[in-house]
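Read-outs: derived from the displayed coordinates by stated rules, not from any lab. Quick caveat, the model's predicted, so the values are computed rather than measured. Glycine also receives a Cβ, built like all others from the backbone with ideal geometry; neighbour counts cover every protein chain displayed.
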Amino acid sequence: MRIAYSISIAAAAALLAGCQMMSSGPRASAALEPTKGNNASGEASFRQSGDKVRVQVALQGLRPGQMHGFHIHEAGDCSSGDGMSTKGHFNPAAKPHGHPSSPERHAGDLPALQADANGRASLDVTVDGITVGAGPTSVVGKGLIVHAQPDDYKTQPTGNAGARIACGVIRAS
């Protein structure tokens, strides 16, 4: 009798987990394309879950072994060729630039990307301060930028991360 009870609890937990996966919140994605003279490209996805957003990224064409700054920017516009048309970091709460683990940071300050020996990088992180649904903290319609250099998480307001080497527009999916 006790074994049957344990199996029923396990089955219910698995079913609940499956239902939660199906009822996950809004999603968005961005195709990152190289800016003029660069080779970095890839995909990013955003999935709302409660008050946090899971960000998953896969990139290639980066400088091997290099850290690269990674940010959500104000404007979903990659038309300039150099990524500058995305404007500054997405910052609806008017906070200073900072490390992604700090509560005092731009909403668009994301963890750096570490390229491997083949110039590929991936990231799977859950962040707060942004949403995928409607509202002032929504990333839908914003720009997504990969920078040539690492972010120092100190220099205001950019993190001194250098040129913009890949650009994408975050779109609802």
Which lysines, if any, have their Cα less than 21 Å from the Cα of LYS52, not counting same-chain residues under 8 positions apart?
LYS95, LYS142
Extent of the stretch 31-173 along each principal axis, from alpha carbon coordinates, in Å, largest to smallest?
36, 33, 28
Among THR35, THR155, THR131, determine the one that fluctuates most according to a GNM of the chain built with springs between C-alpha atoms less than 10 Å apart.
THR155
What does the net charge come to around ALA28 if you take all other residues with beta carbon closer than 10 Å to its beta carbon, with K and R at +1 and D and E at -1?
+4
When Lys and Arg each count +1 and Asp and Glu each count -1, what net charge do the other residues less than 11 Å away from ALA58, Cβ to Cβ, add up to?
-1
Using alpha carbon positions and the Kirkwood radius, the Rg to Rh ratio of the stretch 87-143 is 1.01
Phi angles of the stretch 126-139, converted by Karplus (6.51 cos²θ - 1.76 cosθ + 1.60, θ = phi - 60°) into ³J(HN,Hα) in whole Hz with x for Gly and Pro, give 10, 10, 10, x, 10, 9, 9, x, 5, x, x, 9, 5, 8
Considering amide H positions built from the backbone, and no H for Pro or chain starts, which residues 5 or more places from LEU32, or on another chain, come under 5 Å of its amide H?
GLY42, GLU43, ALA44
Cα-based Rg and Dmax for the stretch 18-111, in Å, come out at 14.9, 46
For ASP77, what is the net charge nearby, where nearby means another residue's Cβ is under 11 Å from its Cβ and Lys, Arg count +1, Asp, Glu -1?
+1
Mind listing the phi-derived Karplus ³J(HN,Hα) values for the stretch 150-160, rounded to whole Hz, using 6.51, -1.76 and 1.60 with θ = phi - 60°, and x for any glycine or proline?
x, 7, 8, 6, 10, 4, 9, x, 10, x, 6
